[in-house]
Amino acid sequence: MATWRQTDSPAPMRQSPAAPSLRARGDQVLVLLVLLAIWQGFSLAFGTYWAGSPWGVATRLTTGLLNGEILRHASYTLLEAVAGFLIGALPAAALPFALRRLPIVTAILDPFMVGGYGAPKLALAPLFILWFGIGIESKIALVAITVFFIVYFSALAGIRALDAKLVQMAQVMGASERDVARHIVFPGAVPYIFTGLRIAMPYSIGGAVIAELISANRGLGYLIQLGAMNFDTTGVFVALVATTCIVFLGNWSVNAVERRLLRWRPPPDLETQVGS
Amino acid sequence: MAAPPLLEVRGLSKRFATRTGREPSPWVIQDLSFAVREGEFLTIIGPSGSGKTTLLNMLAQIDTASGGEVRFQAETAPISDPTRLSPGLSCRIGYVTQEDNLLPWRTTLQNVLFPLVVQRRLNDQTRARTEMLIRAVGLAGFESHYPHELSGGMRKRASLIRTLVYDPPVILMDEPFGALDAQTRTQLQEDLLRLWSLGRKTIVFVTHDIAEAIALGDRTLVLSKPPARIAGEHTNPIARPRDVSGIMTHPQFAALYRAIRVEVQ
């Protein structure tokens with residue numbers, strides 16, 4: 001059989017994944033330096049008591065890292081955040097799938113989910129400490145409940161955005177209900193779930209730190225609280241910088257997993273991905 | 001002509017559900033009857049909005065009929081009850097839709113293999129057939145590309161062979177080449193005829209392009225404006241194999257074109 005002639009050329013090929021250009025990286029360093037200079041100027045004008053100083057924070061951070069103090073507290077916070085993230089996100093992603101064929105149940109649950117989503121989670125922290133104690137459990141619970149509602153609504157949006165035509169085509173080709181769920185509904189919802197995960201990630205670390213602020217004897221939130229009680233501004237900043245580093249790490253992890261799972265998507269606009 | 005038709009439509013009618021408080025919705029299709037013989041390439045032509053896609057959706061068993069019946073191999077399909085619809089009648093009716101409807105998260109090869117995967121028919125033989133089809137439509141080298149990395153014509157080809165790969169006895173096609181440029185379109189028409197000449201599947205091909213209907217079909221049905229009925233039937237005298245790109249210069253083309261043109265309104 002003769003091979004068919006190629007009359008049309010393929011669409012523009014995959015460009016390199018949206019890596020920020022060197023230029024953008026350089027500009028980012030520039031912005032960082034400007035921010036540090038403003039901070040330094042502020043502390044020179046008002047004294048380190050109010051704002052610490054970049055240099056002082058850097059020195060303390062180095063010492064803390066070298067003697068393992070920072071890592072000990074950071075890893076504790078990270079453990080709470082990761083455990084709570086998984087405990088909250090997994091059922092939140094699975095629930096809309098389980099309820100896919102039960103729209104009435106979804107509708108009944110809806111106001112409660114909206115309420116849960118909107119309720120200020122910070123206000124729950126004292127309750128969780130009452131119920132789960134001042135140990136790691138109450139922090140994990142607070143993180144989990146925060147993450148749960150965010151991811152639930154993202155996954156639900158993913159299920160609702162399902163393309164009915166793709167389902168019909170699959171059924172014409174002989175796909176069973178299970179095949180449709182596995183090969184069409186789930187892959188179609190994954191980008192939505194990842195949007196939820198990416199939004200929930202900083203909240204998980206924030207939730208852990210806030211729970212520690214209220215009552216803890218370990219963790220970055222505890223360090224912040226300790227610094228505040230001792231009027232140690234530099235100590236507070238050191239803990240904040242460490243928290244920010246964890247957020248970056250978490251963001252990078254979510255993006256790495258997403259890039260791997262969503263290779264099939266057209267490359268996103270370059271600039272939106274810069275710095276993530 | 002003694003053999004019973006493979007696919008038969010009797011008194012088929014369709015109107016969409018009326019919304020509360022509105023006038024009853026009009027009939028899209030009313031009392032439509034025709035039959036398709038085994039191995040026949042039937043083209044159906046009609047003006048825009050004449051219910052062509054609705055008709056194919058009913059034949060593919062993904063939409064219900066308001067009246068009448070569809071019989072496949074003398075067996076009546078459960079087409080009036082939405083809960084008993086059997087899309088594709090157990091993989092016996094294939095459907096190439098207007099849009100390619102490829103799954104964006106599957107590569108070209110994975111998309112083409114999809115029917116075999118869900119039908120649990122993936123083996124060395126079917127894989128070899130898939131590879132043959134991919135080569136035959138010029139998609140070799142693009143097996144691991146995702147749909148967004150293919151051109152419109154390539155996506156169309158992938159969607160076409162995705163149905164050919166599981167070899168359903170009847171294939172419905174809904175203006176599959178409608179959105180393509182003229183050159184790609186002619187190429188794909190030639191390709192389709194070549195594949196068809198190998199297997200002689202039964203094909204019901206819907207289009208609004210008279211030249212396309214003549215170039216491809218053994219027989220052409222003309223649908224009227226809604227409510228759609230058969231406005232004309234033409235047996236195509238042009239011998240095969242046909243030269244698709246030069247079909248308009250064929251001596252018998254002009255008369256057939258004019259006869260159909262009069263009926264398409």
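Each value in this text was obtained by applying a stated rule to the coordinates, not by laboratory testing. Because the structure is a prediction, the values reported are computed rather than measured. As a convention, Cβ positions derive from the backbone with ideal geometry for all residues, glycine included, and neighbour counts pool all protein chains shown.
Legend: mean number of C-beta atoms from other chains within 10 angstrom of residue C-beta atoms, peptide B:71-77, equals 0. Mean projected area of the convex hull spanned by the Cα atoms of the range A:131-259, taken over all viewing directions: 9.8 nm².
Considering helices alone, the calculated mean residue ellipticity of the protein assembly as shown at 222 nm is -17000 deg cm²/dmol, with DSSP H runs of length four and up weighted by -39500 (n - 2.57) and normalised per residue. A simple rule links phi to the HN-Hα coupling: the Karplus curve 6.51 cos²θ - 1.76 cosθ + 1.60 with θ = phi - 60°, which for the range A:119-131 gives 4, x, 5, 4, 5, 7, 3, x, 4, 5, 5, 4, 7 Hz, with x for Gly and Pro. Working note: Cα gyration tensor of the range B:101-167, eigenvalues times five, square-rooted, sorted largest first, giving semi-axes of 18, 13, 10 Å. Take the Cα coordinates of the protein assembly as shown, assign each an equal point scatterer, and use the Debye formula without solvent to give log10 I(q)/I(0) at q = 0.13 Å⁻¹. For the protein assembly as shown, the Cα-only Debye profile gives -1.26.
Classify chain B: rounded, prolate or oblate, from the alpha-carbon gyration tensor (a ≥ b ≥ c, eigenvalue square roots; a/c under 1.5 rounded; otherwise prolate if a/b is larger than b/c)? Judged from the Cα gyration tensor, chain B comes out oblate (a/c at least 1.5, b/c at or above a/b). In percent, rounded to a whole number, the relative contact order of chain A is 28, using alpha-carbon pairs under 8 Å and six or more apart. If only the Cβ of Lys and Arg carry +1 and only the Cβ of Asp and Glu carry -1, the dipole of chain B around its Cα centre is close to 220 debye. Across A:M113, A:M169, A:M201, mean-square fluctuation computed from a Gaussian network of chain A (C-alpha pairs under 10 Å connected) peaks at A:M169.
GNM remark for chain B: springs join alpha carbons under 10 Å apart, and the peak mean-square fluctuation among B:W105, B:W196, B:W27 falls on B:W105. Result for chain B in a Gaussian network model with C-alpha springs under 10 Å: among B:Q189, B:Q252, B:Q61, the largest mean-square fluctuation is at B:Q252.
Considering only DSSP beta bridges where both residues belong to chain B, give the percentage that are antiparallel (nearest 5). Present the calculation step by step, with values, prior to reporting the outcome.
Values: 18 of 37 bridges.
Roughly 50 percent of the DSSP beta bridges within chain B come out antiparallel.
Couplings 3J(HN,Hα) of the range B:80-89, computed from phi: 8, 9, x, 7, 10, 3, 10, x, x, 6 Hz, in residue order, whole Hz [Karplus 6.51 cos²θ - 1.76 cosθ + 1.60, θ = phi - 60°; x for Gly and Pro].
Explain nothing, just the number: dipole magnitude of the range A:53-271 about its Cα centre with +1 on each Lys and Arg Cβ and -1 on each Asp and Glu Cβ, in debye rounded to the nearest 20. Before the final figure, lay out the partial values.
Working: 16 positive and 12 negative charges, 96 e Å.
Here the size comes out at about 460 debye.
Roughly how many whole Å is it from the C-alpha centroid of the range A:167-206 to that of the range A:26-95? Rounded to whole Å, the Cα centres lie 34 Å apart.
Over all orientations, the range A:53-271 has a Cα convex hull whose mean projected area works out to 15.0 square nanometres. Across peptide A:174-181, the average count of Cβ atoms from other chains found within 10 Å of a residue's Cβ is 4. Distant-in-sequence amide contacts of B:I44, defined by a placed amide H-H separation under 5 Å and a gap of 5 or more residues or a different chain, comprise B:F205, B:V206, B:T207, B:L221.
Between the beta carbons of B:M248 and A:A256, assuming R0 = 51 Å, the FRET efficiency works out to 0.35 to the nearest 0.05. Dipole orientation for the range A:53-271: of the candidates A:F132, A:A208, A:L197, A:L197 has the Cα lying most toward the positive pole (charges on Cβ; Lys, Arg +1; Asp, Glu -1).
Rounded to the nearest 0.05, what FRET efficiency do A:I134 and A:T63 give with R0 = 22 Å and r taken as the Cβ-Cβ distance? Could you check? The pair A:I134/A:T63 has a calculated efficiency of 0.20. What is the local net charge at A:A242, summed over the other residues whose Cβ is closer than 15 Å to its Cβ (Lys, Arg +1; Asp, Glu -1)? Local charge sum for A:A242: -1.
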